[in-house]
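Read through the structure below, which is laid out as structure tokens, and then see the notes.
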Amino acid sequence: MASELLIQALAPACGAEIFGVDLANPPADSMHRIQHAMAQHSVLFFRDQKLTPVQQLDVTRRFGTILRVPYIQHLDEYPDIIAVLKEADERNISTFGGTWHSDFSFLAEPPSFTLLYALELPSLGGDTLWASQYHAYDNLSAGMKVLLDPLRAIQTAWPHGTKGPAAGARVSRSIGMVRGDSEADREIAQPVVRVHPVTGRKALFVNPVYTQYFEGMTPEESRPLLQFLFQHATKAEFTCRLRWAPGTLAIWDNRCLLHLAINDYDGSRRLLHRTTVAGQRPVGP
Ligand code: SIN
């Protein structure tokens, strides 16, 4: 029998709420529909879920192979889960994911999906934004698309490492950054426009955290165009916004989205559990 799964778009560019599914015990036919909805909306929200860490890992595996991410301390008992945590007494400090980015885009094979499960939240604030990079690409001029399609850009994990502009920056202590990882300063060239392996659509693939400069150009030469792209990529009409509640699970596709955690809740505790799914090497047009 078909499940009573209901899909309601949250914004035109991306985001949909899925009703009528208990992810701890999903009906047999639901994964196919959820994956279809994911290809359409890029980020999905499930309310009122009751997931133990083991169940979150099971849900994660339904989307692919779990990726254990570098540079960030994991839960002792569950090495494939990160606690995204800012304590109430951590004021005037940057928060994890507080600048627009695509998760770990500096890896040769960046994660496809990220799952974030809300446990404890401020009564107000701490929302998350996503921006569709399909829409960002589609809304460029024909001339700009021709210019960008063959380009590659250098991405690096400087923000997590010991080199570069953010070296030593104070991030919420609860995140437990592993600094000084020898791979953190490595640079990798990724396509500026990537073709999504499932939908075949083109998506912009640069972000202000990890993208440094265009391959074959200097940082100075690259800066004006990158600045334009960073601003363009996060236009309000490409975004959706989630107001979390305990038990909300968000699953998003890093191959066609940027996201940003809003750091507006000093004085409150915010705790979510994060898992990631392995991805493929990004391919350009
Ligand atoms: C992240 O960038 O994965 C964290 C997002 C959030 O805390 O809302």
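The values are calculated or read from the model by the stated rules, or taken from the named source; none is laboratory data. Bear in mind the structure is a predicted one, so any value in this text is a computation, not a measurement. Cβ: placed from backbone, ideal geometry, glycine included. Neighbour counts: every protein chain shown. Ligands, DNA and RNA are excluded from the accessible area calculation, which covers all protein heavy atoms including side chains. Shrake-Rupley method; radii C 1.70, N 1.55, O 1.52, S 1.80 Å.
Can you name every residue in segment 12-36 that is more than 21 Å from residue 103 (Cα to Cα) and open to solvent by less than 20 Å² (accessible area, probe 1.4 Å)?
If we filter segment 12-36 for residues that are more than 21 Å from residue 103 (Cα to Cα), which is where we start, we get 12, 17-34, 36.
If the condition is that a residue be more than 21 Å from residue 103 (Cα to Cα) and open to solvent by less than 20 Å² (accessible area, probe 1.4 Å), then 18, 21, 23, 30, 34 are the ones that fit.
Out of the residues in segment 107-124 meeting the condition of being within 14 Å of the ligand (Cβ to nearest atom) and among the hydrophobic types (A, V, I, L, M, F, W, C), tell me which one is surrounded by the most Cβ atoms within 10 Å (Cβ to Cβ).
By that ranking, first place goes to 115.
If you go through segment 84-106, how many residues are buried (at least 19 other Cβ atoms within 10 Å of the Cβ) and aliphatic (A, V, I, L, M)?
Count: 2.
Given the residues 105, 112, which is the only one that is hydroxyl-bearing (Ser, Thr, Tyr) and touching a Gly at 6+ places or on another chain (Cβ under 6 Å)?
So the residue among 105, 112 that is hydroxyl-bearing (Ser, Thr, Tyr) and touching a Gly at 6+ places or on another chain (Cβ under 6 Å) is 112.
Given (1) out of contact with any Phe, Trp or Tyr (no Cβ under 7 Å at 6 or more places or on another chain); (2) open to solvent by 60 Å² or more (accessible area, probe 1.4 Å), identify the lone condition not met by residue 70.
Status for residue 70: all satisfied but (2).
Can you pull out every residue in segment 74-93 that is farther than 15 Å from residue 114 by Cα, among the aliphatic types (A, V, I, L, M) and touching a Ser or Thr at 6+ places or on another chain (Cβ under 8 Å)?
Listed by number, the residues that qualify are 85, 88, 93.
Answer with yes or no whether residue 250 is of a type in the set (Gly, Ala, Ser), within 16 Å of the ligand (Cβ to nearest atom) and over 20 Å from residue 94 (Cα atoms).
Working: of a type in the set (Gly, Ala, Ser): yes; within 16 Å of the ligand (Cβ to nearest atom): yes; over 20 Å from residue 94 (Cα atoms): yes.
The answer is yes for residue 250.
Kindly indicate which of 79, 150, 122 is part of a loop (DSSP other than H, G, I, E, B) and closer than 25 Å to residue 231 by Cα.
Values: 79 fails: closer than 25 Å to residue 231 by Cα; 122 fails: closer than 25 Å to residue 231 by Cα.
Of the residues listed, the single one that is part of a loop (DSSP other than H, G, I, E, B) and closer than 25 Å to residue 231 by Cα is 150.
Which residues, taken from segment 76-104, are at pLDDT 90 or above and more than 12 Å from the ligand (Cβ to nearest atom)?
Answer for segment 76-104, where residues must be at pLDDT 90 or above and more than 12 Å from the ligand (Cβ to nearest atom): 77, 78, 79, 80, 81, 87, 88, 89.
Within segment 236-247, how many residues turn out to be open to solvent by less than 10 Å² (accessible area, probe 1.4 Å) and away from the ligand (no atom under 14 Å from the Cβ)? Give the steps one after another, and end with the answer.
First, the residues of segment 236-247 that are open to solvent by less than 10 Å² (accessible area, probe 1.4 Å): 238, 240, 242, 247.
Cutting the leftovers down to away from the ligand (no atom under 14 Å from the Cβ) gives us 238, 247.
Residues that pass the stated criteria total 2.
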